[in-house]
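The values are calculated or read from the model by the stated rules, or taken from the named source; none is laboratory data. Since we're looking at a predicted model, the values are computed, not measured. Positions of Cβ are backbone-derived with ideal geometry, glycine not excepted, and every protein chain shown enters the neighbour counts.
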Amino acid sequence: MNSWLGVLASNGMGKTWQQQAREAALADELRAKAFDITPENVDEMLERRSHLLKSVFPAFSQFCLTNLQIQPQEMLQVLWDLWLPLGIKLASQRQQSERPLIQGILGGQGTGKTTMSKVLILILDHLGYRTVSLSLDDLYKTYSDRLVLTQQDPRLIWRGPPGTHDIDLGLNVLEQIRQLQSPVMLPRFDKSACGGAGDRTTSEMVTDVDILLFEGWFVGVRPIDPNLFDTAPPPIVTDEDRAFARDINLRLHDYLPLWERLDSLILLYPSDYRCSLEWRKQAEQQMIAAGKSGMSNAEIEQFVNYFWRSLHPELFIKPLVKDATVVDMVIEIYSDRSFGEVYCDRANS
């Protein structure tokens, strides 16, 4: 960690450190390509990243201590290798566009969508870009509308699957931002309202938006061939499960106009989709240890299996990893939550 402290303390990168950083930046060809780093521009890109690190570090440190309850040094490597170059890339994309950038972020439970969005907002703010986040969760139908929905289809026992969102609301918000309207009212959702069932809360007024980070567990996901459900993996095992999966698949068509508003899509991809179940259990155990209410392991499994029955990661997410027509960048995540490969179009690399 001394090398990091040296970068923060110095007025520029030391020669030895610069050479090491240069070699590291070019060693991973897929990552270098994803972040537009070449042998010709590597020194300039690293110098820019170094200066940005020093300007961002105080706010980033406070974020780590307050939001993540960890020491900032534990996240410095991720900040340097992933979040800073990603922030620089998004800033460059916005600079080249005549309108705000709509950046989609797709990732299952526990993949770090929210954390990454908050860090990117912090970084992009230092780069001079007004960045805001919108979660797919913010587009849930109201509590009363979801009660009606459950009466129409009792299988929709939890909010989350396709069909439980107000798509027109999302389209209006994305279109207002694309059209450079200001101010824009971003919808917000309070999951603790109505006894935990959740409901809309006061919208947030934002002005002069440059970049919108639109994140969610199936943002950008497309419908698939319904015949694939005939040989679907567990927990899609019964005829009722397959019928539910097919119906949810049909509902995905309604979301396509929303995905068409995305300029780019980043996929946070676990090495094993089942990691999300373990991550959820860890999160609930931490909540219980902190004196808050949380679900038992059996309840968590029931909850997660419900979502896997509606949109199974193996059927809907895995194919996107190699589909450069849908996903613009893949960020792999290991079971210990560390980040693996980062690439744009691995199939043609």
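Quick rundown of the values:
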{"item": "Helices (runs of 4 or more DSSP H) contained entirely in the range 254-332, each with at least 3 residues that are farther than 23 Å from Pro233 by Cβ and either in contact (Cβ under 8 Å) with a residue 12 or more places away in the chain or more than 18 Å from the chain's Cα centre (by Cα) (or both)", "result": "256-259, 275-289"}
{"item": "Any hit, the range 168-189, residues being surrounded by fewer than 14 Cβ atoms within 10 Å (Cβ to Cβ), farther than 30 Å from Gly87 by Cβ and of a type outside the set (Ser, Thr, Tyr)", "result": "yes"}
{"item": "Subset of the range 194-214 (residues that are in contact with a strand residue (DSSP E or B) (Cβ under 7 Å, 6 or more places away or on another chain) and within 11 Å of Thr142 (Cα to Cα))", "result": "Gly198, Asp199, Arg200, Thr201"}
{"item": "Lys281, sole failed condition from (1) basic (Lys, Arg); (2) touching a strand residue (DSSP E or B) at 6+ places or on another chain (Cβ under 8 Å); (3) closer than 23 Å to Leu68 by Cβ; (4) surrounded by 17 or more Cβ atoms within 10 Å (Cβ to Cβ)", "result": "(2)"}
{"item": "Residue in the range 133-151 that is over 29 Å from Val327 (Cα atoms), free of Cβ contacts under 8 Å to residues at least 60 places away in the same chain and charged (D, E, K, R) present", "result": "yes"}
{"item": "Residue within the range 241-250 that is in a strand (DSSP E or B), among the polar types (S, T, N, Q), within 30 Å of Glu341 (Cα to Cα) and in contact (Cβ under 8 Å) with a residue 24 or more places away in the chain present", "result": "no"}
{"item": "Out of Ser50, Ser61, sole residue that is assigned to a helix (DSSP H, G or I), at pLDDT 90 or above and either surrounded by 19 or more Cβ atoms within 10 Å (Cβ to Cβ) or not assigned by TED's automatic domain parsing to the domain that holds Leu76 (or both)", "result": "Ser50"}
{"item": "Hey, Pro85 closer than 20 Å to Asp263 by Cβ, under 18 Å from the mean Cα position of the chain (by Cα) and modelled with pLDDT of 95 or more or not", "result": "yes"}
{"item": "Residue match in the range 115-134 (condition: polar (S, T, N, Q) and part of a helix (DSSP H, G or I))", "result": "yes"}
{"item": "Within the range 64-91, tally of residues that are assigned to a helix (DSSP H, G or I) and loosely packed, with under 14 Cβ neighbours inside 10 Å", "result": "6"}
{"item": "Extreme residue, surrounded by the most Cβ atoms within 10 Å (Cβ to Cβ), among residues of the range 13-47 that are of a type in the set (Val, Ile, Thr) and either in a helix (DSSP H, G or I) or in contact with a Gly (Cβ under 7 Å, 6 or more places away or on another chain) (or both)", "result": "Val42"}
{"item": "Of all residues making up the range 205-241, the number that are within 24 Å of Gln109 (Cβ to Cβ) and either at pLDDT below 95 or charged (D, E, K, R) (or both)", "result": "4"}
{"item": "The range 114-144 - residue that is polar (S, T, N, Q), under 15 Å from the mean Cα position of the chain (by Cα) and within 20 Å of Thr202 (Cα to Cα) and, of those, surrounded by the most Cβ atoms within 10 Å (Cβ to Cβ)", "result": "Thr131"}
{"item": "Selection count where residues are of a type outside the set (Val, Ile, Thr) and more than 23 Å from Glu341 (Cβ to Cβ), scope the range 55-88", "result": "16"}
